[in-house]
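Q: After the structure tokens below, expect a handful of questions from me.
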Amino acid sequence: MARRFAVAAIAGTLFLTACGSGDDPTLDTGAAPDDTAADMPSMEQGEGETAAASCEPAGTSLSVVAEGIRWNTDCLAVPAGQAFSIVMDNKDTVPHNVAILKSHSATDVEFRGELLQGPKQTTYEIPALPAGTYVFHCEVHPTEMRGTFVVA
């Protein structure tokens with residue numbers, strides 16, 4: 001009986017040692033390292049910064065839908081040096097517009113569309129922009145409705 005107890009005690013000790021306390025940073029717990037989030041693009045950038053571009057131009061006719069105080073996309077793209085249009089479909093009952101800026105905190109606006117009380121649709125005709133990464137947002141809801149605007 002004492003022998004069985006000793007074997008059980010040793011086995012338990014070996015089991016606990018093998019499992020560890022979870023404090024060993026070399027153990028693979030399946031969780032992502034803490035610095036992983038720093039590598040992921042985010043639309044919540046600081047002043048003057050934009051998120052990594054996640055779309056490419058596919059023409060000069062764009063569309064965006066405003067619904068639930070959100071855009072249906074977080075990235076729009078157009079070819080550089082070409083005029084383009086954006087059809088904005090405001091499905092909300094509150095006003096929205098599309099503004100294109102160099103950053104969300106910029107005071108100079110590259111383009112400002114008229115406010116549109118919804119639900120309603122409008123088409124903005126926009127002159128060509130030089131190549132670069134810009135941002136777009138609704139000036140009424142600039143923190144909720146924002147995205148990256150790629151001109152390439």
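The values are calculated or read from the model by the stated rules, or taken from the named source; none is laboratory data. Bear in mind the structure is a predicted one, so any value in this text is a computation, not a measurement. Backbone-built Cβ (ideal geometry, glycine too); neighbour counts: all protein chains shown.
Q: Which residue, of P57, P95, is surrounded by 10 or more Cβ atoms within 10 Å (Cβ to Cβ), touching a strand residue (DSSP E or B) at 6+ places or on another chain (Cβ under 7 Å), farther than 15 Å from R146 by Cβ and at pLDDT below 95?
A: Answer to the check: P57.
Q: Also, quick follow-up: Given the conditions (1) surrounded by fewer than 19 Cβ atoms within 10 Å (Cβ to Cβ); (2) touching a Lys or Arg at 6+ places or on another chain (Cβ under 9 Å); (3) of a type outside the set (D, E); (4) closer than 19 Å to I69 by Cβ, which single one is not true for G132?
A: So G132 meets the others, but not (4).
Q: Only residues in segment 93-119 that are in a loop (DSSP other than H, G, I, E, B) count as the first member; pair them with residues that are at pLDDT below 95, Cβ under 7 angstrom, at least 6 apart or cross-chain, and list the lot.
A: T93/G118; V94/G118; S103/E47; S103/G48; S103/E49; S103/T50; S105/E47; S105/G48
Q: Is it the case that F136 is of a type in the set (F, W, Y), modelled with pLDDT of 95 or more and out of contact with any Phe, Trp or Tyr (no Cβ under 8 Å at 6 or more places or on another chain)?
A: Here the answer is no, as F136 does not meet what is asked.
Q: Right, something else. Answer yes or no: is there a residue in segment 107-117 that is closer than 15 Å to V151 by Cα, aromatic (F, W, Y) and in contact with a strand residue (DSSP E or B) (Cβ under 7 Å, 6 or more places away or on another chain).
A: Within segment 107-117, one or more residues are closer than 15 Å to V151 by Cα, aromatic (F, W, Y) and in contact with a strand residue (DSSP E or B) (Cβ under 7 Å, 6 or more places away or on another chain).
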